[in-house]
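Accompanying notes for the structure given below.
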Amino acid sequence: MRTLPLWTVGLIAALAPTLAFAQAPVTVGPNGEPATPVAEIELTDAEVAQIREGGYTAAFAWHELYDWSGAVAQGAKDEFERLGVEVVAETDAGFDAARQQADVETVMALDPTILISLPIDPSAGTSTYAAALDGGARIVFIDNAAAGLAHGEDYVTTVSADLVGIGEKTAQAMADALGGEGQVGYIFHDADFHVTNLRDSAFKWLIENEYDGIDIVAEAGMADPARIEDIASAMLTQNPDLDGLYVPWAEPATGVLSVLRQLGRTDIKIVTIDLNEPAGLDMVSGGSIAALIADEAYNIGVYAARAAAADLLGHDVDPFLVVDALIVGPDTVAEGWQQSLGRAAPDSVLNAQ
């Protein structure tokens with residue numbers, strides 16, 4: 001089969017899930033950039049000393065702060081502390097794009113050298129980050145790059161996870177949970193959001209092409225996570241014989257859990273992405289969640305900060321840096337929480353094992 005060029009793979013990823021992959025997907029950046037492992041970004045002791053003497057500052061303009069983004073933030077803060085970079089501001093836009101633009105304008109009043117941010121609306125990039133561009137901040141994006149901005153000129157890099165690797169692990173975890181056979185409902189993120197689009201589509205492609213005993217028999221898009229209970233209820237009403245459910249991340253998965261409990265359905269297994277306390281507690285208690293797939297969120301933050309420092313030193317930084325992902329199950333929750341989020345799992349989760 002002819003190999004698709006990277007820009008084509010990136011286009012398909014951007015349009016997913018409305019387009020299916022014609023071949024095995026490849027992890028690429030928001031604009032089709034090839035993925036570079038974060039481990040390639042290293043600083044010598046002399047370079048660390050040079051950064052520490054620079055008097056640099058940093059700010060965060062988050063999309064929203066919760067378990068995952070909080071771990072990214074902590075990784076960046078710890079690395080900035082090692083580098084002697086003072087963090088002067090951190091904002092939480094509550095997933096409101098207009099508020100994020102206002103946040104960027106607010107933090108730029110403090111004239112930070114570095115800005116780390118995950119764009120809520122990538123298409124509004126030039127307006128959202130206008131104040132940072134005007135102020136000359138070194139911008140490092142998390143997960144999504146803002147449209148209309150040029151790598152190496154307007155921003156340093158985008159740091160994310162091996163998105164197809166996450167899809168591979170969700171498919172593997174689903175197959176393990178179902179013993180290799182069963183009917184699955186597929187709930188995907190119905191929005192133009194590179195990270196979730198590529199993860200979702202990779203899961204679907206792999207189930208359809210690599211796991212002969214598992215069939216995706218129901219599909220539903222989730223544009224608004226607040227509607228997840230309605231979406232799950234409708235899917236289960238129309239497809240009462242489902243054995244498993246794929247949910248694009250852990251927060252809406254807890255809404256699906258509520259639906260299953262209301263229906264008394266203890267026979268359906270959920271596989272989802274990211275770690276949070278309610279999902280982890282259900283999993284270790286023998287509930288519906290079979291596995292949680294997690295990226296190394298803490299390391300995303302570490303290397304975002306390190307990439308900004310490398311840029312200040314004049315190093316070329318590749319446009320799309322990725323960390324690894326892992327399957328967290330009931331027996332690996334303690335190690336998985338630490339590896340992913342850089343901290344211990346909640347006591348409630350550990351004590352329920």
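The values are calculated or read from the model by the stated rules, or taken from the named source; none is laboratory data. From a predicted model like this one, the values you see are computed outputs, not experimental measurements. Note: ideal-geometry Cβ built from the backbone for every residue, glycine included; neighbour counts use all protein chains shown.
Observations on the model:
- If only residues of region 23-43 that are polar (S, T, N, Q) and in contact with a helix residue (DSSP H, G or I) (Cβ under 9 Å, 6 or more places away or on another chain) are counted, the one that is surrounded by the fewest Cβ atoms within 10 Å (Cβ to Cβ) is 23.
- Taking the listed residues 307, 334, the one that is under 30 Å from residue 47 (Cβ atoms) and either touching a residue at least 60 places away in the same chain (Cβ under 8 Å) or out of contact with any His (no Cβ under 8 Å at 6 or more places or on another chain) (or both) is 307, with no other qualifying.
- Unique match (being in contact (Cβ under 8 Å) with a residue 24 or more places away in the chain, surrounded by fewer than 21 Cβ atoms within 10 Å (Cβ to Cβ) and either on the phi > 0 side of the Ramachandran plot or of a type in the set (Val, Ile, Thr) (or both)) among 213, 182: 182
- Filter pass, residue 195 being in a helix (DSSP H, G or I), within 26 Å of residue 132 (Cα to Cα) and not acidic (Asp, Glu): yes
- Filter pass, residue 170 being assigned to a helix (DSSP H, G or I) and either assigned by TED's automatic domain parsing to the domain that holds residue 74 or modelled with pLDDT under 95 (or both): no
- Extreme residue, surrounded by the fewest Cβ atoms within 10 Å (Cβ to Cβ), among residues of region 44-69 that are in a helix (DSSP H, G or I) and touching a residue at least 24 places away in the same chain (Cβ under 8 Å): 52
- Selection count where residues are within 18 Å of the chain's Cα centre (by Cα) and outside any strand (DSSP E or B), scope region 174-192: 3
- Residue pairs whose Cβ atoms lie under 7 Å apart, separated by 6 or more positions or on different chains, with the first residue in region 337-353 and on the phi > 0 side of the Ramachandran plot and the second of a type in the set (Phe, Trp, Tyr), are 342/298.
- Counting only helices (runs of 4 or more DSSP H) that sit wholly inside region 272-353, those with at least 1 residues that are closer than 23 Å to residue 85 by Cα and of a type in the set (Phe, Trp, Tyr) are 297-312.
- So residue 75, is it assigned to a loop (DSSP other than H, G, I, E, B), out of contact with any strand residue (DSSP E or B) (no Cβ under 6 Å at 6 or more places or on another chain), at pLDDT 95 or above and not β-branched (Val, Ile, Thr): no
- Test: residue in region 224-247 that is touching a Ser or Thr at 6+ places or on another chain (Cβ under 6 Å) and outside any helix (DSSP H, G or I): yes
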